[in-house]
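Structure first, commentary second.
The values are calculated or read from the model by the stated rules, or taken from the named source; none is laboratory data. Quick caveat, the model's predicted, so the values are computed rather than measured. Cβ: placed from backbone, ideal geometry, glycine included. Neighbour counts: every protein chain shown. What goes into the accessible areas is simple: the full protein's heavy atoms, side chains included, and nothing from ligands, DNA or RNA. Shrake-Rupley method; radii C 1.70, N 1.55, O 1.52, S 1.80 Å.
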Amino acid sequence: MRARSALASAAVLLLLLLLLLADGGACAMYKVGDLDAWGVPPPSKPDVYKRWAKGIHFALGDSIWFLYPPSQDSVLQVTPEAFAACDLASPVLKLADGNSVFNLTTPGRAYYTSGAPGHCRKGQKLWVDVPMANGTYLQPSASDLAAQAPTPAAEAPEGSLSASAPAGAHPSAAAALRALSGAGSVVAAAALSVALPLLM
């Protein structure tokens, strides 16, 4: 009788855990740009990062993952004013390891840009809206609204080489990402972060 009761309790707990995960109780990790690597958008898709961010309903605790060649780029978290002006001088945070993860732990709008000179003005920047724990969004501030204005065009600095967008992930890595897309699981994201270097 005890064994049957213990088994029933375990089944109920497992069912509750599955319901919690299916209901969005787990945090998710999203690769910026999906299968494309972080780079200057091609002329055919100048708004690739804006469209990508609009297509995802982020939640507190989610993470965004930037994949790029570390010898060619970096990612900066910046203020709304720096985002609007493509000012790279004083970032909030800079990551340059080629496999950068930012945790979305504060409600509101978060701003990111390339740390490579000239890339921000070519559209390599992104902002994401993170709702409060109850799912409602904060009203944009005046700085947030100003940051949404189009980026002034700029020419590449004299003497610089024009950079093209990275070719993207290795085919095996792309297959792994497709297999895990939509899983939204911290466990799946952790497994991917361990397995990805082995696939490349």
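Looking at the range 61-71, can you tell me whether even one residue there is in a helix (DSSP H, G or I), farther than 25 Å from L138 by Cβ, open to solvent by 50 Å² or more (accessible area, probe 1.4 Å) and modelled with pLDDT of 95 or more?
Checking the range 61-71: not a single residue is in a helix (DSSP H, G or I), farther than 25 Å from L138 by Cβ, open to solvent by 50 Å² or more (accessible area, probe 1.4 Å) and modelled with pLDDT of 95 or more.
Being within 18 Å of K31 (Cβ to Cβ) and assigned to a loop (DSSP other than H, G, I, E, B) is the filter; apply it to the range 48-60 and report the residue that is most open to solvent (accessible area, probe 1.4 Å). Break it down stepwise before answering.
Initially, the range 48-60 is screened for residues within 18 Å of K31 (Cβ to Cβ), giving 48-59.
Retained after the next criterion (residues that are assigned to a loop (DSSP other than H, G, I, E, B)): 55-59.
Details: G55: 67, I56: 35, H57: 115, F58: 2, A59: 39 Å².
Only one residue tops the list, namely H57.
What is the residue count in the range 96-121 for residues that are among the hydrophobic types (A, V, I, L, M, F, W, C) and crowded, with 19+ Cβ neighbours inside 10 Å?
Qualifying residue count for the region: 4.
Just one of A149, A133 is open to solvent by less than 70 Å² (accessible area, probe 1.4 Å) and either without any contact (Cβ under 8 Å) to a residue 60 or more places away in the chain or in a loop (DSSP other than H, G, I, E, B) (or both); which is it? Quick ask: steps written out before the conclusion?
Working: A133 fails: open to solvent by less than 70 Å² (accessible area, probe 1.4 Å).
Checking each option against the conditions leaves just A149.
For the range 1-29, give me the residue count where each residue is open to solvent by less than 60 Å² (accessible area, probe 1.4 Å) and either modelled with pLDDT of 55 or more or basic (K, R) (or both).
4
Can you name the residue in the range 72-86 that is in contact with a helix residue (DSSP H, G or I) (Cβ under 7 Å, 6 or more places away or on another chain) and on the phi < 0 side of the Ramachandran plot and, of all such residues, is most open to solvent (accessible area, probe 1.4 Å)?
Only one residue tops the list, namely E81.
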